Amino acid sequence: MAKPQLEVLNALDVAKTQWYHFTAIIIAGMGFFTDAYDLFCISLVTKLLGRIYYHVDGAEKPGTLPPNVSAAVNGVAFCGTLTGQLFFGWLGDKMGRKKVYGMTLMVMVLCSIASGLSFGKSPKSVMSTLCFFRFWLGFGIGGDYPLSATIMSEYANKKTRGAFIAAVFAMQGFGILAGGIFAIIIASAFNARFSAPSYETNPIASTIPEADYVWRIILMVGALPAALTYYWRLKMPETARYTALVAKNAEQAASDMSKVLQVDLEAEEQKVQKINEDPSSQFGLFTKQFLRRHGLHLLGTTSTWFLLDIAFYSQNLFQKDIFSAVGWIPPAKTMNAIDEVFKIARAQTLIALFSTVPGYWFTVLFIDRIGRFAIQLMGFFFMTVFMFALAIPYDHWTHKENRIGFVVMYSLTFFFANFGPNATTFVVPAEIFPARLRSTCHGISAASGKLGAMVGAFGFLYLAQSQDKSKTDAGYPPGIGVKNSLLALGVVNFLGMLFTFLVPESKGKSLEEMSGENEENEGQQ
């Protein structure tokens, strides 16, 4: 039997789309814009870092980051993000969404700037400081995942909640795009001002001393969008669901939402008291009741996000290597250092523009029409199909005349990641768990995803190496090659499709209906 729904929560559920919805999307979305910029801009400058700090005199190819350094620089932010998702997710349920939201943003702004100021006398000390600040940058980014999703889900109405949460996540696409475009602008400006020969013409002169500013500027600009929204984050009222159901303050919840919705709402102290006295609304995360009600749901959200991110991040971080393999980016020795940044950024920007960004917005458009389950299942299915289509005839795609076909197939894989599980794995955990555990469970699901990202980022650095020792990158042991790596990713995507069946559909239902918070405790003793 259903409990009486609080008027303030019902008012949010049935509210028409209003200006405050869009304000919330922009405030939460700018955090995600920054997250994506900060996480993905490092892949634009790793080749440049190798040329600047690991140049070997007389070497045939430009310097590259040693395997352990490359893994650390690329992956340390993920370690920070994973920690931040768990910590801030838990803190968001303990202290409230709003209080913690400002903290995460401040950490992101300070560490973005600090990572661009990485210092040291030797390459090792510069990379160590960079990794230190990138870890704490990731820590701040991690907090943004559970808090942005939870705040948006608790502010949204039933009818368009999926689209609102997906729109916050879709800002990630613009963040990746902005990173690429900004790198193109900086590289073009430096190229115009400081001309340099290619590496094969003059190895020393090909990396101008000013190149050291390029990567620093690209990393530091990530602080700007986050800093701009700090004031607005502090002005946002706490969500009514946290205030009423967790903090148990009906009066404050009604007062806050009366201002937001611009309607008169009464404080229902007795109803809140009744809801909070019910033992069924008291169980914690590590209880049999949680396991019975939400155990499979949590397994579903963690496993699908884990599997998705193995595929998603191995592709995203190693785009530049795949493009080099099929000839989209010329051999490193034929370019100077700044040229290489320009070409990598251009390739990533094109992929973002034509597949990543449209994929996100297709999800926004269709998530409340066809549902989360259908989009996630379809996305994993097509990712599996396209991965195998790239992998099985891989030799065919490496021929010069088939390059465009490879890039189209590759773009389609990305499109269906974003019009698919990349968006839905973010949306669903914010909808199906009780208010007092919502942020924690979203943080656990997201942290599981980042664990997958680390498998993708670290594992595929080694796996994608050629099986022929003479063709591997400097310092790497032979791997299984790009073809077998793509086959492995196809299998990962297929498993994601199977685990999707554990995730419930939340389209058109209230948060309390999904979490079971408005049900009477059946079988009370």
* To do: Could you rank the peptides 203-216, 124-137, 426-439 by their average count of other C-beta atoms within 10 Å per residue, with the highest value first?
  => 426-439, 124-137, 203-216
* **Computed over the chain, the ratio Rg/Rh where both radii use C-alpha atoms and Rh is Kirkwood** => 1.01
* Structure fact -> Which residues qualify? For residue 283, with a placed amide H closer than 5 Å and at least 5 residues away or on another chain, they are none
* Structure fact -> For the chain, dividing by residue count, accessible area per residue (probe 1.4 Å) in Å² works out to 38 Å²
* Given a 1.4 Å probe and every protein chain left where it sits, what share in percent of the accessible area of segment 326-371 is carbon and sulfur? -> 71 percent
* Rounding to the nearest 20 debye, state how big the charge dipole of the chain is about its Cα centre with +1 on each Lys and Arg Cβ and -1 on each Asp and Glu Cβ. => 720 debye
* Structure fact -> Nearest 10, in degrees from 0 to 90: the angle of helix 372-391 to the longest Cα principal axis of the chain is 20 degrees
* Fraction of the pair-distance distribution of segment 472-519 above 11 Å, Cα-Cα pairs, percent -> 77 percent
* Listed pairs 159/235; 16/288; 98/274 exceeding 31 Å between Cα atoms -> 16/288
* **Listed residues 220, 138, 491: farthest to the positive end of the dipole of the chain (Cβ charges)** => 220
* List the relative contact order of the chain as a percent without decimals, with contacts defined as Cα pairs under 8 Å and 6+ residues apart. => 24 percent
* Asked: So which aspartates and glutamates can residue 469 reach, going by Cα to Cα under 18 Å and dropping same-chain residues fewer than 8 places off?
  -> 60, 321
* Place a +1 charge on the Cβ of each Lys and Arg in segment 92-147 and a -1 charge on the Cβ of each Asp and Glu, then give the dipole magnitude about the Cα centre in debye, rounded to the nearest 20. => 100 debye
* **³J(HN,Hα) computed for each position of segment 266-272 - Karplus, 6.51 cos²θ - 1.76 cosθ + 1.60, integer Hz, glycine/proline x** => 8, 7, 9, 4, 5, 5, 4
* Asked: Okay, helix-only estimate at 222 nm for the chain: each DSSP H run of n ≥ 4 adds -39500 (n - 2.57), divide by all residues, round to 500 deg cm²/dmol; what do you get?
  -> -23000 deg cm²/dmol
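The values are calculated or read from the model by the stated rules, or taken from the named source; none is laboratory data. Please read these numbers as outputs of a predicted model, since none were measured by experiment. Cβ sites come from the backbone with ideal geometry, for glycine too, and all protein chains shown count toward neighbours. These area figures cover heavy atoms from the full protein model, side chains too; ligands, DNA and RNA do not enter into them. Shrake-Rupley method; radii C 1.70, N 1.55, O 1.52, S 1.80 Å.
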